[in-house]
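Here's the structure we're looking at; comments come further down.
No value in this document is a laboratory result; all are computed from the given coordinates. Everything numeric in this text was worked out from a predicted model, so none of it was measured. Please note: Cβ atoms are built from the backbone with ideal geometry, for glycine as well, and neighbour counts cover all protein chains shown.
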Amino acid sequence: METCKHCNGQGKIHESKRTIFGNIGSTKICEVCLGAGEMPRELCDKCRGKGVLRREEEISIMIPAGIRDGEMVRMTGYGEAISKGTMGDLYIKINVLPHPVFRRDGNDLVMNLNLKLSDALLGVKYPIQTLDGEIEVTIPEGVSINEILRVRGKGVPNSKNKRGDLLIKLNIKLPGRLSRKSRELLEELKKEGI
């Protein structure tokens, strides 16, 4: 390194201008040495003496399990660099797309399940796709409309290695049209008080 000849090692340049109001003095940072007061004798081929190399890099990041929409992931040392300083940090804002089946409620996942009237009255084993794969849920007989079944540990994982629950909201689909045989069977059930 050698002393900057433009500012004589001060890092600043004093300028004075004559105006109709008199002489006005100002100080600005030297544009040649960028305020350092010294410059390299020979310029680097890569950075041309600026001390910083501008480049782009593709990196892989680890998204934590259970991250929420709008949260940030911080990558230390991957931000912008300055001459004679440390590199900054890169902040990545995460946008989580909505799922076609599940809706998030805290660490719980909520889903709707449409059941036939006969399945709601008699009970059924029903296969359900979860984040971990397919499971079989037993729908008890005689469930009511909008009843919620809870499957423990099948929700969203969090940072404490615990998981929320899967909440299954039951929607009972009533038939629109009845066949003659279905109507007769329902009339018999009506006589029994069902």
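Tell me the residue from Asn107, Asn8, Asn95 that is surrounded by 10 or more Cβ atoms within 10 Å (Cβ to Cβ), within 30 Å of Thr130 (Cβ to Cβ) and of a type in the set (S, T, N, Q), please.
On the way: Asn8 fails: within 30 Å of Thr130 (Cβ to Cβ); Asn95 fails: surrounded by 10 or more Cβ atoms within 10 Å (Cβ to Cβ).
The match here is Asn107.
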For the range 104-153, which positions are within 13 Å of Leu167 (Cα to Cα) and among the hydroxyl-bearing types (Ser, Thr, Tyr)?
Thr130
